[in-house]
Amino acid sequence: MKVIVTGGAGFIGSNFVQHMVNKYPDYEIINLDLLTYAGNLENLKPVEDKPNYKFVKGDIADREFIFKLFEDEKPDVVVNFAAESHVDRSITDPEAFVRTNVMGTTTLLDACRTYGIKRYHQVSTDEVYGDLPLDRPELFFTEETPLHTSSPYSSSKASADLFVLAYHRTYGLPVTVSRCSNNYGPYHFPEKLIPLIISRALADEELPVYGTGENVRDWLHVADHCEAIDLVIHKGREGEVYNIGGHNERTNLEVVKTILKALDKPESLIRFVTDRPGHDMRYAIDPTKIETELGWEPKYNFDSGIQQTIQWYLDNQEWWKNILSGEYSGYFDKMYGNRL
Ligand code: NAD
Ligand code: DAU
């Protein structure tokens, strides 16, 4: 089996590539990534010399390049992680999100139609459902929840999902879609909340919390997400959407305080800063379908997962310090300069 994993040098994609290369030595895993600011080949060090792994640099929205790659490789399965993934960046530059997340997806779908594949899997997000109110804890996102997006990022992801499902209905393309809640774990890029707080707390720097910090996210360890996608591509039904989440809801302030406690750092580092425009209040996944239909269950709860993650950032300081000293340092000043 030959699998093209797009965006395999990013956070979740690199965890998934490592998972697949190690678990399926008979599969050929091709990691296709443009290496944007978020792509990092250091994330693939543990598998880069394995005979069943290959890296190809390229853009999923470059039609000529993608068709040539499919002509040469004739993949059986495509798993599409490649995306612009950060909500804050989508607010300052929406167009890049349309290009990669929408046009990149349709380019891949057209190549899949042309060359024939056994499965195209779209890695999507719970953000396509919009948000839930804080005073209705009994509400959860199911696969039937209407799409109701808030940010340019989530709108681009919802748009891509609709194209994927339309290619199933119109052309009979064998597709699946998974919509996961917030991931955390090794190789998480330090622009996102958890690695940002860990890295800044370790340096005794101010910690930006948007608004009041009451927004709720449903955290899933990246290893549990990778297991779920593995199950969906092998056993999921064509044309179906699967929600992935492990009922680990925390307010942002709870997350920040948990990290500070584990690192023995003071809460006085916290700064409440101007809120993200359109900031979603609460995400919460109902994972009943993937649990009952495919037998998926997460191995981590938030308490065990966050301790493992903090330890990984302590043990791999060179990894994130290299990122912080590069292009990203300019981003942080631009994004937070007048807020802190
Ligand atoms: P990431 O930003 O860490 O990685 C994205 C990767 O895609 C990078 O390696 C980047 O170089 C690559 N890429 C970007 N544009 C590309 C292009 N045009 N062609 C080829 N490669 C390109 O993102 P992530 O957090 O790992 O998220 C991966 C996927 O999972 C995304 O589709 C995202 O929407 C989805 N998702 C993320 C989360 C989360 O909590 N991080 C949760 C649910 C779903
Ligand atoms: O729910 C899945 C989504 O989770 C994915 O689709 C996205 O790709 C991924 O980036 C993530 O989106 P969020 O916007 O929820 O993640 P982020 O880490 O940016 O923010 C988490 C919460 O923390 C959110 O409520 C905003 C808040 N926050 C974030 C940052 C970066 C802060 O309070 N301060 C910050 O500096």
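The values are calculated or read from the model by the stated rules, or taken from the named source; none is laboratory data. Quick caveat, the model's predicted, so the values are computed rather than measured. No Cβ is skipped: glycine too gets one built from the backbone with ideal geometry, and neighbour counts run over all protein chains shown. Just so you know, the surface numbers come from the protein's heavy atoms only, side chains and all, with ligands and any DNA or RNA stripped out. Shrake-Rupley method; radii C 1.70, N 1.55, O 1.52, S 1.80 Å.
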Tensor-based shape of the chain (alpha-carbon gyration tensor, a/c under 1.5 rounded, otherwise prolate or oblate): prolate
Gaussian network model of the chain, springs between alpha carbon atoms under 10 Å - residue of Trp312, Trp219, Trp296 with greatest fluctuation: Trp312
Extended-chain gain in nm, criterion 0.36 nm per residue less alpha-carbon gap, Asp135 and Lys74: 16.9 nm
Test item: Cα-centred dipole of the chain, Lys/Arg +1 and Asp/Glu -1 on Cβ, debye: 340
Cα centroid separation, region 203-277 to region 84-109 (Å): 22
By accessible area with a 1.4 Å probe, ligands and nucleic acids excluded, highest first: order of Ile91, Ile259: Ile91, Ile259
Set of lysines with alpha-carbon distance to Lys50 below 16 Å, sequence-local pairs under 8 removed: Lys2, Lys23
Solvent-accessible area, 1.4 Å probe, carbon plus sulfur percent, for the chain: 49
For peptides 63-70, 243-250, sequence by mean Cβ density within 10 Å, most packed first: 243-250, 63-70
The chain - accessible surface per residue (Å², probe 1.4 Å): 42
Efficiency of FRET between Tyr210 and Asn301 - r from beta-carbon atoms, R0 30 angstrom, step 0.05: 0.75
Per-pair calculated FRET efficiency, R0 = 30 Å: Ser329 and Asp93 via Cβ, rounded to 0.05: 0.95
Residue-averaged 222 nm ellipticity for the chain, from DSSP H runs of 4+ at -39500 (n - 2.57), nearest 500: -12500 deg cm²/dmol
Most mobile of Asp49, Asp131, Asp161 in a GNM of the chain (Cα contacts under 10 Å): Asp49
